[in-house]
Amino acid sequence: MTQLTLHDSQRRANVPFQPLDPEHVRVYYCGPTVYDLPHLGNLRAMLTADILTRLLRRLYPRVTFVRNITDVDDKITARAAANNETIAQLTERTTAEFHADLAAMNMLPPDIEPRATHNIEEMVRMIAHLIELGHAYEAEGHVLFAVASFPSYGALSGRDTDELVAGARVEVAPYKRDPGDFVLWKPSRPTQPGWDSPWGRGRPGWHVECSAMSHRYLGENFDIHGGGSDLLFPHHENERAQSLCCFPGSTFANYWVHNAMLLVDGEKMSKSVGNFLTIRDVLARGPVEALRLLLMGAQYRSVLNFTWDGLEEARRTLDRFYRALETAGPLDVEGRPLPAAFLAALCDDLNTPLAIAELHAMATAALAGNKDAAADLLVSGRTIGLLMQEPEAWFRGEAGDGPSEDEIDALIAERLAARKAKDFARADAIRKELFDKGVTLEDGPSGTTWRRA
Ligand SMILES: [Zn+2]
């Protein structure tokens, strides 16, 4: 079997991946806080998780992929109030939108998708245990994690304690023993969501949610924890501290995988810059597979720059791949193994640019008439969620401003009738009319097919 190598953020090196149990690989990814539509930055993390879990499923007999939903958060409370809707209405709606957008992107769903609000008891138990063990303390209705109680705090993100305390992201509060201490539990006002606890009615801090849910569904020790590089500190550092302190002798995640950020037109995406893009914004202008391919154009640890030209270029690349499949005709790839070079590229820390270069080589051979290469192309593409359509459907594409499929079919029928009646002038006029609207007709032995330019 090809050895998978991953860059582990904690070891700061590319290391061979050795699962705790080769019969069952366990992966946890931080999921969305559900108060708004998912954007391209979210999508990059989700796509990295998708490629990683698809590959793991190729390599190992069983994979459990857990990705949570954070459905209690002050951002949610504020947005629901601003929208004049209940928290439940907002979180149900945005969770459904998140699922719909990821399904549209050909993402495989997680095996388990726990919601924070369904796991409050687990969080309360963990917090109580951390207090018992001297790693947390109660102060003015809050429970705080005592960073000083955990000597290896900072080891994951590589920050030392002074740097952490000096950091602008550390919230200073009079009840903290140490400015770096972070909230495990906080009191709720009557208007805020809350649950009864030994420390009064309140709600969990964000970090403890993931510690509790990963423990409940994957155990004290599991294989891979992933997310965007923006989560490395403080979120993942704090998850690690909570879990290792709560379960002495445990290892928590054995490998930490972090994807780099995504830029839009060379700039950090932000609503104030006006380059903020949701998944829906992009899919309104380009096909799903083009967006997937564009996102795979950089290895996940490199910064990725999204541009509309890049999306168009990805679409043209897919035109080439689909043309290669079309040239080969019907292909049966059931049970076909992955080409070694393609698998090796993915196993090299998910080197998707190299994997795409392999797809190009297969397409070149397929276009030259090599049917085996076309089958390799199809099985490889589908492994990473590409080439999921029939070539004909791909080339028909989406109507956009052009004529609908029904209009095209009606004109093709009219043209056929004109030809039968030997009215070749009318038949040619119809062909030209469609051509001017971006639709090309091709007459073959089994009738007329069409494609959009
Ligand atoms: Zn998390």
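Values quoted throughout were computed directly from the atomic coordinates according to the rules given, and no laboratory measurement underlies them. All figures in this text were calculated on a predicted structure; none of them were measured in a lab. Neighbour counts are summed over all protein chains in view; Cβ atoms, including those assigned to glycine, are modelled from backbone coordinates with ideal geometry.
Projected over every direction and averaged, the convex hull enclosing the alpha-carbon atoms of region 277-393 yields 7.3 nm².
Note on Asn305 and Glu85: their simple-model spin labels are 3.7 nm apart, each label 7 Å out from Cα toward Cβ. In this simple spin-label model, placing a label point 7 Å from the Cα along the Cα-to-Cβ direction at both Ala103 and Arg189 gives a separation of 3.9 nm.
Kirkwood Rh, region 207-346, all Cα pairs: how many Å? Walk me through the numbers on the way to the answer.
Working: mean 1/r = 0.0538 Å⁻¹.
One decimal place: 18.6 Å for the Kirkwood radius.
Evaluating 6.51 cos²θ - 1.76 cosθ + 1.60 at θ = phi - 60° for every residue in region 80-85, the Karplus couplings come out as 4, 5, 5, 7, 6, 10 Hz, glycine and proline recorded as x.
In the chain, Cα pairs under 8 Å separated by at least six residues give a relative contact order of 15 percent. Between Val25 and Arg62, Val63, Thr64, the built amide H atoms are under 5 Å apart, and every one of these is 5 or more places off in sequence or on another chain.
The phi-based Karplus calculation (6.51 cos²θ - 1.76 cosθ + 1.60; θ = phi - 60°) puts the 3J(HN,Hα) values of region 56-61 at 4, 5, 6, 8, 10, x Hz, whole numbers, x for Gly and Pro.
When trypsin sites (Lys or Arg not before Pro) are flagged only if DSSP places them in a loop and at most 14 other Cβ atoms lie within 10 Å, the longest unflagged stretch of the chain comes out as 286-421. From zero up to wherever the largest Cα-Cα distance of region 135-261 sits, split into 5 Å bins and tell me the percent of pairs in each. Pairs per bin, as whole percents: 2, 10, 19, 22, 21, 14, 9, 2, 0. Within a straight-line Cα-Cα reach of under 17 Å, Lys371 can be paired with the following aspartates and glutamates, leaving aside sequence neighbours fewer than 8 residues apart in one chain: Glu326, Asp332, Glu334, Glu358, Glu390.
Taking only DSSP H segments of four or more residues, each worth -39500 (n - 2.57), what value at 222 nm results for the chain once the sum is divided by all its residues, to the nearest 500 deg cm²/dmol?
Numbers: 16 runs with 196 residues, N = 453.
Calculated from helices alone, the mean residue ellipticity at 222 nm is -13500 deg cm²/dmol.
With N as its number of residues, the chain has a Cα radius of gyration that, divided by 2.2 N^0.38 Å, comes to 1.17.
A simple rule links phi to the HN-Hα coupling: the Karplus curve 6.51 cos²θ - 1.76 cosθ + 1.60 with θ = phi - 60°, which for region 379-395 gives 5, 5, x, 5, 4, 10, x, 10, 6, 7, 9, 6, x, 4, 5, 4, 6 Hz, with x for Gly and Pro.
Can you give the extra length, in nm with one decimal, that the chain gains between Leu354 and Val273 once fully stretched, where that is 0.36 nm per residue apart less the Cα-Cα distance?
Values: separation 81, 0.36 × 81 = 29.16 nm, distance 3.28 nm.
Net length gain for the segment: 25.9 nm.
In this label model, Leu283 and Ala173 are separated by 3.8 nm, measuring between points 7 Å along each Cα→Cβ vector.
The angle separating the long axis of helix 405-420 from the principal Cα axis of greatest extent in the chain is about 10 degrees. Straight-line reach from Lys75: taking Cα to Cα under 13 Å and skipping same-chain neighbours fewer than 8 places apart, the aspartates and glutamates in range are Asp36.
Among the lysines, which have Cα under 22 Å from the Cα of Lys420 when same-chain residues fewer than 8 positions away are ignored? List returned: Lys432.
How large is log10 of I(q)/I(0) for region 352-451 at q = 0.10, 0.18, 0.21 Å⁻¹ when the intensity is taken from the Debye formula with one equal scatterer per alpha-carbon? For the requested q values the scattering log ratios are -0.42, -0.89, -1.01.
Just to confirm the filter: which GluC sites (Glu not before Pro) across region 202-289 are DSSP coil and have at most 16 other Cβ within 10 angstrom of their Cβ? Intermediate values should be presented prior to the final figure.
Working: sites: Glu209, Glu220, Glu237, Glu239, Glu267, Glu289; in loops: Glu220.
Taking region 202-289 and a limit of 16 other Cβ atoms within 10 Å, the loop GluC sites (Glu not before Pro) found are Glu220.
Each Cα pair under 8 Å and six or more residues apart adds its sequence gap; the mean of these over the residue count of region 382-453 is a relative contact order of 28 percent. Between the amide H of Arg301 and those of Ala260, distances stay under 5 Å, these residues lying 5 or more places away or on another chain, with hydrogens modeled in the peptide plane.
The DSSP beta bridges internal to the chain are antiparallel in roughly 50% of cases.
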